[in-house]
Structures are given as structure tokens and as C-alpha cells.
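The values are calculated or read from the model by the stated rules, or taken from the named source; none is laboratory data. Please read all numbers here as calculations on a predicted model, not as lab measurements. Note that we place each Cβ from the backbone using ideal geometry, even for glycine, and neighbour counts take in every protein chain shown.
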Amino acid sequence: MSIEVLKRGLLTTVQDMGRTGYGKYGVSTSGAMDGYAYKLANWLVGNSGSEAVLELTWSGFSLRFLQDSLVSITGADLSPECGGLTVPMWRPVLFREGSELAFRRPVSGSRSYLAISGGIDVPVVMGSKSTYIRAGIGGLNGRALESGDILHAGKSGRTAEFSSACQQKDAPFQAVRWSAAPRRPYIQANQIVRVTHGRQFADFRSESIDQFYQGVYTVKPESDRMGFRLSGPTLALEAPKEYISEGVVSGTVQVPADGQPIILMADRQTLGGYPKIAQVATVDLPRIAQLAPGGSLRFLEITPSESEMLYMQQVQAMRALQCMINCKLKEGFHDED
């Protein structure tokens, strides 16, 4: 199966779960910003949770399917359309050869995920297919997709199975009746982000800590996959201090000299020397990833034990959801009414 990029959009890259084990060499993990939407997109087309997908940022991206393709779209609602019709999200959708899929405008969120049965077939670099643009590695030649690019997918018997089961042979696409959309919306313009204390939390002034939890922060336009720069109450240390650079992870909240926090994201650097006031709970990273410039957030303090409990609850919920999806896929393909 193959697809042709018609319009590049703002930023579209190939991403998987990211590359691990190379931080000591200064290589970022990268990978999908919204791990929740990424995994569901894969499961919905019968892939494992680690196949490469397309991560679309905002709008303007469009493609043509060069063969019948089983696809799912999750994450942000970027108004997917095909043949003048709205394409439903969070479910398997079969696109016919020659169909064109376009993402018109953002309705909610900022990053959408497009998975194709069989996974996007690009070379594995350091154990991952993820694009790391700053280093020019992974994905398609280490860069964002451009108009005219051709991408191939791995072999998938499920696509042929669904294609033969479809009754509407002339329609540009068909979708199943059921959906795996989240019961509780996590994509909002205003987010509550749960955090634990960072390593240098105690070095900040007490009034700055109060402002950190009570204030509202806005995502700046210069935010990117490396980090989300925030605008809000200025944070200050009790006294000037130099720190030795140490390892950082996704969700680390650093505070540079200007006192405005930065939340490190998927393409973060591997070391950081700024004081770290907080660490975002893993379960809330997708919420941040879907914030657009101008979106706002507030920080809520929790304990490490609470963060671990939230993570385990999410793991259990995801396993149950994966089982439900697998059962639905085994039932076969039925056209949407």
C-alpha cells in the first residue's frame, strides 16, 4: 500500500514510540507527542502499539491513497474530509484507491495521528522510525513530509479482508459503526496539568511556588516538539545559583533566567542545566501535547505515589480498550449506516 503527499501542511512527520538508549550520546527520544492517540490509532487498524504513523500538526495536509488502505485518525480534530464528506475519527476507515484525504482546519487540539494498517514503512534508525528533524535522522530522510513524497505501508491482510466485506464499492471511503473515542475529553484549550516536585523545587522562593500553582500559564507561539514555552507569573530562586547539567525527561518543567517555565517535550535535549521546579505526570503529557499556541494551563500538585497510581490506572484502562478493539476487529467490517 502506498500514499502520495499532495500538500505538506504545517508540519507532518513519521513517528513511532521513539528511540531509547541513545541519550548518553545526546540523541533525543523523539516519538509521538500524544502517546494515547498514537497507540489507539495503531490498534484501530490492527497494528501493534509501536508501528510508525503520521503526526499532523494543525492544518493544510492532504494525501492520495494509491491503493485501498485501512486507516484510522485519532487525536486532534483537524476536520478530515474526503470527497466533500467528513471522515469520522477514532475508528477504522477503509479508503478506496484514488481517494484524497484532506485536513482543513483545527476544531480542537493541535496534533492528529493517522495510522495505516501495516504501519508506515521507512528505515529504522537507532531502533526507531521516528523523525528527529534537528539531527536529520529517522522518518523520511530525517525531515518533515513535502508535497510529492510517496510513502509505503507494510503488508496487511486486514485491509484486503475489510475491502472485500464492504458493500459500498463506489464510495471513496467507508467507516465502521463503532468508535473508540475517549469517554472523557482530554483535548481542551484550558488544561489542568498534574505535577510532582522537581529536583530544585526547594530552591524557589515561597511566593514563586504559590504563583506557580495558583497562576495561569499560556502557551507561547514559539513552542515546538522540543519544548512548550509558557507565559505567566515569573518564578524566581531564593538566591542566584549555578547548577550542573543533568538528565531530563519529557514533562520536566525547567525555569530559565527569565523566570518563565518551559515544559520539555518529545524532541527535548538530553541534558539540562536550568533549575527544575516540577515534573509533569506521565498521564497528562498528551493533554499538553494537544495544546495550541494561546492555550492555557494550570498546575496541580500531586505526590509521586498519586502520579504512579494514575499511570497504573491508565495502563489498565488502555489494556481494556485494546481488548475491546481487538474483539470488534475480529467481528469483521460492517459499513457505517
**Asked** Within the range 86-155, which strands (runs of 3 or more DSSP E) (wholly inside it) include 3 or more residues that are under 29 Å from Q191 (Cβ atoms)?
**Response** 100-103, 108-116
**Asked** Quick one: how many residues across the range 14-34 are on the phi < 0 side of the Ramachandran plot and either touching a Leu at 6+ places or on another chain (Cβ under 7 Å) or among the polar types (S, T, N, Q) (or both)?
**Response** 5
**Complete:** Of P240, P233, P256, the only residue that is surrounded by 13 or more Cβ atoms within 10 Å (Cβ to Cβ), free of Cβ contacts under 8 Å to residues at least 24 places away in the same chain and in a loop (DSSP other than H, G, I, E, B) is P256
**Asked** Is there a residue being touching a helix residue (DSSP H, G or I) at 6+ places or on another chain (Cβ under 9 Å) and crowded, with 20+ Cβ neighbours inside 10 Å anywhere in the range 213-222?
**Response** yes
**Message:** It is to be established whether one or more residues within the range 164-182 are surrounded by 15 or more Cβ atoms within 10 Å (Cβ to Cβ), farther than 30 Å from G295 by Cα, modelled with pLDDT under 95 and touching a Gly at 6+ places or on another chain (Cβ under 6 Å).
**Reply:** yes
**Item:** Output for the range 42-68, where each listed residue is in contact (Cβ under 8 Å) with a residue 60 or more places away in the chain and within 24 Å of R268 (Cα to Cα)
**Value:** G49, E51, A52, V53, L54, W58
